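The values are calculated or read from the model by the stated rules, or taken from the named source; none is laboratory data. Just so it is clear, the structure is predicted and the values come from calculations on it, not from any experiment. Glycine also receives a Cβ, built like all others from the backbone with ideal geometry; neighbour counts cover every protein chain displayed.
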Amino acid sequence: MARLQLLLIALLLSFSWQTTTNAAERPNVILFISDDVSWNDHGCYGNKAARTPVIDQLAADGLRFDQAFLTASSCSPSRSSIVTGRYPHNNGKAAELHQPISANLDWFPALLKNAGYYTVLSGKNHMGVGKLPKGAAASKFNKAWHHTSGGNGKGNTGGHANWVKEVQERPREQPFFFWFASTDAHRGWNGDREWDAERYGPKHRPADVIVPPFLVDSPQTRDDIASYYNEVTRFDFFIGEVVKELKAQKALDNTLLLVMADNGRPFPRAKTRLHDSGMKTPLIAHWPGTIKPHDISSSLVSVIDIAPTILEAAGIKPAASMQGISFGPILKNPKATTRLFAFSEHNWHDYEAHGRGVRGDGYLLIRNFRPQFAWQGPADSVASPSHKELLSRQKQGTLTAAQAETLLAPRPAIELYHTKTDPNQLHNLAGMRKHAAIQQRLANTLDRWMDETHDSVPAEISRDSFDRRTGQRLKDVKDYRRTTPGEDRQADQTNAPGPR
């Protein structure tokens, strides 16, 4: 009997040691999210004007994704989609800006927390738990954080003032997940007045910036872009401070770093757009020992895939509610394929809108359910010097075709682009016989996705709450919120992912 007891004790000790070892070997994860930064405003993506030395080095030592796409080019819907691994219309009211996620849905950091991870959000949050849908069960995994901290400090209101402190003060016996979200580079520009040349280097010179063809190349626009670049560089600097701290703690080698943005730059024809200028995100993955240096992947990924990827890396099964699929195979083999299609949404963000996009086979197809309205960008962009320059040239009658498209109304109901040969998506191929087959294939795929995920175009969707030409809030509009997409079909209660 005593011998049997000793054997049982030995087995328990062995199991306990194995559990402790496995816990110690589980990777730490940090997700860095910039605010309103386009994918091609980084050195590692070919921009020779914007300075991002830390991100460039992480890309050189890790993996750069060249075909990573957001589900929404709008702050809170994008972040909510990332944290749940679901499409915006499947998150309930969170399909639209400043609205909460339905209370029946799981958040991936809460699953990490439940499995023993120490979880922290520091900086911009913009996510919340809303009402419980009728007939649904409340989620047990939407209380995501052990701790949250604001992102501002003395001389720094960019959202990253406390990142290093959070890494320093973490409990050392637990693996950790940090959601580090800056407010750089959201308008208005605070980086200029808080600039620290000793830390960030010289400010960007307006003469050096890259002006895209759909903006007016003028001193006002160049000044605007230079201020934006300054905030991109400041975001990059604080990532570097976190990397230094991880190295000092000898924790970098066991930490998966992901660097991305929530939507495109806050300029005309970027933020809120379904085109690459709005929906394509930088995505850098750095994980020594798992990811080989100098890797580049052209495989298609969606940001709803981030949740299952991180959970898989931690040895945790994704929640049934998550519609994404892990791109873990791509981290080990950049040529691996995990999905064929990526879908994106354009819902209310200051202005009435309803658009859907699907990417596949190297093409982007856009369907616009409110073609009568321009896609001029959100209110902060409309009030910008860059937008005012477009309006001025429009009045003079001197806009180029690319610039005029930014203000175009009515718009095409269907747009089709071959993104490799037309990276700015300026040449609409919809309706051309040569591209009829791919147009039909993508249109059918988009229809299937909308149907299977319970998407909808409600009869009354949220209306404009800002002036479309000035960006000023409309004083006579109060009850502008209406039915959100998918709400009439209980889309927050379906887990169907649609085509992938």
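A few points about this structure:
- Of THR71, THR52, all but one fail to be at pLDDT 95 or above, under 18 Å from SER302 (Cβ atoms), outside the structural domain of TYR363 (by TED's automatic domain parsing) and surrounded by 24 or more Cβ atoms within 10 Å (Cβ to Cβ); the exception is THR71.
- For segment 440-462, filtering for residues that are touching a residue at least 60 places away in the same chain (Cβ under 8 Å) and within 16 Å of ARG339 (Cβ to Cβ) leaves 6.
- Top-ranked residue in segment 393-451 [being assigned to a helix (DSSP H, G or I) and touching a helix residue (DSSP H, G or I) at 6+ places or on another chain (Cβ under 7 Å); ranked as farthest from ARG359 (Cα to Cα)]: ARG393
- Hey, ASP35 among the acidic types (Asp, Glu) and either without any contact (Cβ under 8 Å) to a residue 12 or more places away in the chain or touching a strand residue (DSSP E or B) at 6+ places or on another chain (Cβ under 8 Å) (or both) or not: yes
- Top-ranked residue of segment 310-353 - restricted to ones that are among the small types (Gly, Ala, Ser) and within 21 Å of PRO88 (Cβ to Cβ), ranked as nearest to the chain's Cα centre (by Cα): SER344
- Taken across segment 349-371, residues that are outside any strand (DSSP E or B), over 29 Å from THR494 (Cβ atoms) and in contact (Cβ under 8 Å) with a residue 60 or more places away in the chain do not occur at all.
- Residue in segment 247-260 that is hydrophobic (A, V, I, L, M, F, W, C), within 20 Å of HIS204 (Cβ to Cβ) and assigned to a helix (DSSP H, G or I) present: no
- Residue tally, condition under 18 Å from HIS42 (Cβ atoms) and either out of contact with any strand residue (DSSP E or B) (no Cβ under 6 Å at 6 or more places or on another chain) or not assigned by TED's automatic domain parsing to the domain that holds GLY155 (or both), over segment 206-240: 19
- The condition of being farther than 27 Å from ASN28 by Cβ, hydrophobic (A, V, I, L, M, F, W, C) and surrounded by 22 or more Cβ atoms within 10 Å (Cβ to Cβ) holds for only one of VAL232, VAL167, VAL209, VAL216, that being VAL216.
- Options LEU111, LEU121; residue that is buried (at least 20 other Cβ atoms within 10 Å of the Cβ), aliphatic (A, V, I, L, M) and in contact with a Ser or Thr (Cβ under 7 Å, 6 or more places away or on another chain): LEU121
- Within segment 124-140, being in contact with a Ser or Thr (Cβ under 9 Å, 6 or more places away or on another chain) and either more than 23 Å from ASN263 (Cβ to Cβ) or not assigned by TED's automatic domain parsing to the domain that holds ASP184 (or both) holds for LYS131, LEU132, PRO133, ALA136, SER139.
- Residue among GLY151, GLY155 that is over 21 Å from the mean Cα position of the chain (by Cα), closer than 28 Å to ARG187 by Cβ and at pLDDT below 95: GLY155
- Residue check, SER386 part of a strand (DSSP E or B), of a type in the set (Ser, Thr, Tyr) and in contact with a Ser or Thr (Cβ under 7 Å, 6 or more places away or on another chain): no
- Close contacts from segment 399-412, counting a first residue that is over 13 Å from PRO212 (Cα atoms) and a second that is buried (at least 19 other Cβ atoms within 10 Å of the Cβ) and at pLDDT below 95, with Cβ to Cβ under 8 Å and a gap of 6+ residues or different chains, come to LEU407/GLN376.
- Test result for THR483, more than 30 Å from PRO385 (Cβ to Cβ) and assigned by TED's automatic domain parsing to the domain that holds ARG411: yes
- The single residue among GLU194, GLU198, GLU173 that is surrounded by fewer than 17 Cβ atoms within 10 Å (Cβ to Cβ) and in a helix (DSSP H, G or I) turns out to be GLU198.
- In segment 341-353, the residues that are surrounded by 22 or more Cβ atoms within 10 Å (Cβ to Cβ) and not hydroxyl-bearing (Ser, Thr, Tyr): ALA342, PHE343, GLU345, HIS346, ASN347, TRP348, HIS349, ASP350, ALA353
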